[in-house]
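See below for the structure under consideration.
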Amino acid sequence: MREVECKTSLAFYEAYPSPRVLTGITDEELGEFLREFSHNACSTKRAGKILELVSEDNIKERDYQFARDAVVQSEI
């Protein structure tokens, strides 16, 4: 997802506004989601890379994360 404003990116950030929302999501589940919005341009491999980057980053949940997520979703 190179473009933040493309249909796939917008759908991704609306469904997964922060890394915590990706907890428990498998490569296959995320890949299926991405393929739907990208017209089969994104693969399970791409989904795996996204999940790998999120897990490597060790992102901690910030204060008021639910509110931050709501802001991201409302902007989308």
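Any read-out appearing in this document is the output of simple, stated calculations on the displayed coordinates, not a laboratory observation. This structure is a prediction, so every number in the text was calculated from the model and none was measured. We place every Cβ from the backbone using ideal geometry, glycine too, and count neighbours over all the protein chains shown.
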*Taking neighbour Cβ counts within 10 Å as the exposure measure, how do LEU30, LEU22 sort from fewest upward?*
LEU22, LEU30
*Of [x] 13.6, 41; [y] 12.3, 36; [z] 18.1, 65, which one was derived for Rg and Dmax of the Cα atoms in Å from the structure shown?*
[y]
*Going by how many other Cβ atoms sit within 10 Å of their own, how do ILE76, ILE50 line up, fewest first?*
ILE76, ILE50
_With angles folded into 0 to 90 degrees, how steeply does helix 27-38 sit against the dominant principal axis of the chain? Use alpha carbons for both and round to 10._
80
_Relative contact order (%) - criterion: Cα under 8 Å, at least six apart; region: the chain_ = 36
*asked:* So if each residue of separation counts as 0.36 nm, and I subtract the Cα-Cα distance between GLU36 and LEU10, what length gain in nm does that give?
replied: 8.1 nm
_With +1 assigned to the C-beta of every Lys and Arg and -1 to the C-beta of every Asp and Glu, and no other charges, what is the dipole magnitude of the chain about the Cα centre in debye, to the nearest 20?_
140
